[in-house]
Amino acid sequence: MSNALIETQNLTINFGGHRAVDDLSLSIEQNTFTAIIGPNGAGKTTFFNLLSGLLQPTSGRILFKGADITGLSPMQRVALGIGRSFQLTNVFPTLTVHENVRLVLQSRERVGCRPLTSYRRFPELIAEAEQILADVLLLGKGHLPAARLSHGEQRKLEMAMVLAMRPQLLLLDEPTAGMALEEVPVMLELLTHAKARGESTIVLIEHKMDLVTKLSDRVLVLVNGALLTEGTPAEVAKNPDVLKAYLGGGIRREATA
């Protein structure tokens, strides 16, 4: 019996004459940490957009826990347990840090937005929001509007919001993008803890190869929308086809989606 949490079968998407994802068939097992790498224009973010429902494929299927979810909307996929972060920070800038996380918790618990009901009616959600903010080192800034956070802190807040959903599948699109060099170890620590908890299957797009090497059980290499190879970080780093794909005789650390 397959242990795959999510699978793609001949997944393809065309934009006019350009094939951004090309007949991609792969599976990702439960409770694993998978990194997706590839040179510019490889189709990595487009692939995430297909998995999360932001784009519909030209052909092919996506299976989640064996069920076909190809036609489901992004919100329907969230309800099934698929969480997603983006390259660009995606938070509510005028709400406080605490409110950003608490609203995700309310949505998860189907409390919803109740303008005439005090949030203090839900002490368990307040406590959980505070714990999540403590985990991402933002508890002391919970009262601030999200707009007042630095870019790196906003990235951590977005991570907190995704973790608050308790997703079975966590799709992370370059969580360190735009972060100052000194902030990257904090994100590495957060991802390490998320992996150790074992609550989510994590798929990461990342261009910092040291981070990929430290975290990943498995690495997938996309080139021109197709799967070039896969393996452990050590196996992929030595693969001559991978080295050639990056045009420099080695994996360039600045490669992005």
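The values are calculated or read from the model by the stated rules, or taken from the named source; none is laboratory data. Quantities reported herein were computed from a predicted structural model and do not represent experimental measurements. A quick note on method: Cβ atoms are made from the backbone with ideal geometry, for glycine too, and the neighbour counts reach across all protein chains shown. What goes into the accessible areas is simple: the full protein's heavy atoms, side chains included, and nothing from ligands, DNA or RNA. Shrake-Rupley method; radii C 1.70, N 1.55, O 1.52, S 1.80 Å.
So, with a 1.4 angstrom probe, what is the percent of accessible area on the chain that is carbon and sulfur?
On the way: 6550 of 12250 Å².
Looking at the chain in its full context, I get 53 percent from C and S.
Once amide H atoms are built 1.01 Å from N in the peptide plane, which residues 5 or more positions from Leu5, or in another chain, come under 5 Å H to H? Result for Leu5 returns Ile28, Glu29, Gln30.
Do the alpha carbons of any pairs in Lys65/Lys244; Lys141/Lys195; Lys214/Lys244; Lys44/Lys65; Lys195/Lys244 sit beyond 29 Å of each other, and which pairs?
Working: Lys65/Lys244 35 Å; Lys141/Lys195 25 Å; Lys214/Lys244 23 Å; Lys44/Lys65 22 Å; Lys195/Lys244 31 Å.
Over 29 Å Cα-Cα: Lys65/Lys244; Lys195/Lys244.
Rg and Dmax of the chain, both derived from C-alpha coordinates alone, stand at 18.6, 62 Å.
Where in the chain are the helices, taken as whole DSSP H runs, whose Cα atoms extend 15 angstrom or more along the long axis and whose Kyte-Doolittle mean reaches at least -1.0? List each step's numbers first, then the result.
Details: long enough: 97-108 (17 Å, -0.27); 123-135 (18 Å, 0.22); 151-164 (20 Å, -0.24); 184-197 (20 Å, 0.56).
Membrane-span-like by this rule: 97-108, 123-135, 151-164, 184-197.
Of Met159, Met75, Met165, Met209, the residue with the largest accessible area leads and the full order is Met75, Met165, Met209, Met159 (1.4 Å probe).
Looking at region 83-222, what % of the alpha carbon pairs are farther apart than 24 Å?
Details: 2737 of 9730 pairs.
Of all Cα-Cα pairs in region 83-222, 28 percent lie more than 24 Å apart.
Over the residues of the chain, the helix contribution to mean residue ellipticity at 222 nm works out to -10000 deg cm²/dmol, using -39500 (n - 2.57) for each DSSP H run of at least 4. Couplings 3J(HN,Hα) of region 17-29, computed from phi: x, 9, 9, 7, 10, 10, 6, 8, 10, 7, 9, 10, 7 Hz, in residue order, whole Hz [Karplus 6.51 cos²θ - 1.76 cosθ + 1.60, θ = phi - 60°; x for Gly and Pro]. Note on the chain: GNM, Cα springs under 10 Å; of Val223, Val111, Val212, the largest mean-square fluctuation is that of Val111.
Determine, from the Cβ-Cβ distance of Arg61 and Ala127 and an R0 of 41 Å, the FRET efficiency 1/(1 + (r/R0)^6), rounded to the nearest 0.05. The computed FRET efficiency comes out at 0.50.
Scanning residues 5 or more positions from Thr201 or on other chains, those with amide H under 5 Å from its amide H are Asn31, Leu169, Leu170, with H placed 1.01 Å from N in the peptide plane. Shown is the FRET efficiency for Leu137 and Arg108, computed with R0 = 25 Å from the Cβ-Cβ distance and rounded to the nearest 0.05: 0.70. When each of the peptides 97-105, 10-18 is scored by the mean number of other C-beta atoms lying within 10 Å of its residues, the order from highest to lowest reads 97-105, 10-18. Among DSSP beta bridges whose residues both lie in the chain, state the antiparallel percentage, nearest 5. Looking only at bridges with both residues in the chain, the antiparallel portion is about 55 percent. Amide H contacts for Leu228 (H built 1.01 Å from N in the peptide plane; partners 5 or more residues away or on another chain; cut-off under 5 Å): Val221, Leu222, Val223. Taking one quarter of the surface of the convex hull spanned by the alpha-carbon atoms of region 6-113 gives a direction-averaged projected area of 8.6 nm². The GluC sites (Glu not before Pro) of region 156-210 that meet both conditions, a loop assignment by DSSP and at most 14 other Cβ atoms within 10 Å of the site Cβ, are Glu199.
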